[in-house]
Amino acid sequence: MKDKVNEIRISYKERIPASFWYRIQSSQDAAELLFEHWDKDTIGLQETFKVLLLNNANKVKGIYELSKGGISGTLVDLRILFAVVLKSLSVGIVLSHCHPSGQLKPSESDRSITKRIRKAAELFDIRVLDHLIITPNGDYYSFADNEIL
């Protein structure tokens, strides 16, 4: 009897048609696209962390939901994040998560995870273009625009 081998597969929960290939040129572009693809029934209930996957021309390859958490936090496993980024051959990413409270100010935890992800991304020559905090009403905070990234 042959041993069963587990295959690593990545499938996107949300799909963006190839014909769409939206180009991200600003934090506003990314925030609008992410908000459009966020589940409006849960954005005000629990934190969710997503990554926008980009090619070398900053065109969207996909949006991957990395984790769903509680009211005030969600876990981000760097190994899973980079498995998705590498498997999709993305060279740029925009990190994002929602704050159900509507609070736009990043927490120390938000700053810390961004720093860890950016440091790891450097090893793979992957550009972390931004980290966005999105609220249930569509407002957003950009780490890049606020020179935190």
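Since every read-out is calculated from the coordinates, none of them should be taken as a lab result. Treat the numbers as computed from the prediction; the structure is a model and nothing was measured. Please note: Cβ atoms are built from the backbone with ideal geometry, for glycine as well, and neighbour counts cover all protein chains shown.
Within segment 135-149, the set of residues being more than 15 Å from residue 31 (Cβ to Cβ) and touching a residue at least 40 places away in the same chain (Cβ under 8 Å) comprises 148 only. Of the residues in segment 116-126, none is under 18 Å from residue 35 (Cα atoms) and among the acidic types (Asp, Glu). Identify, please: which residue in segment 33-55 is out of contact with any Lys or Arg (no Cβ under 9 Å at 6 or more places or on another chain) and closer than 18 Å to residue 121 by Cα and is, among those, surrounded by the fewest Cβ atoms within 10 Å (Cβ to Cβ)? Going through the qualifying residues, I end up with 50.
Here's the yes/no breakdown for (1) of a type in the set (Ser, Thr, Tyr); (2) in a strand (DSSP E or B); (3) over 20 Å from residue 149 (Cβ atoms):
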| position | (1), (2), (3) |
| --- | --- |
| 34 | no, no, no |
| 45 | no, no, yes |
| 65 | no, yes, yes |
| 73 | no, no, yes |
| 83 | no, no, yes |
| 94 | no, yes, no |
| 119 | no, no, no |
| 122 | no, no, no |
| 128 | no, yes, no |
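The set of residues in segment 116-134 being farther than 16 Å from residue 89 by Cβ and small (Gly, Ala, Ser) consists of 120 alone.
Sort through 147, 65, 108 and tell me the only one that's on the phi > 0 side of the Ramachandran plot and surrounded by fewer than 20 Cβ atoms within 10 Å (Cβ to Cβ).
Working: 65 fails: on the phi > 0 side of the Ramachandran plot; 108 fails: on the phi > 0 side of the Ramachandran plot.
Just a single option satisfies the conditions, and that option is 147.
Within segment 96-134, the residues that satisfy the criterion of being in contact (Cβ under 8 Å) with a residue 60 or more places away in the chain and under 19 Å from residue 47 (Cα atoms) are 96, 98, 130, 132, 134.
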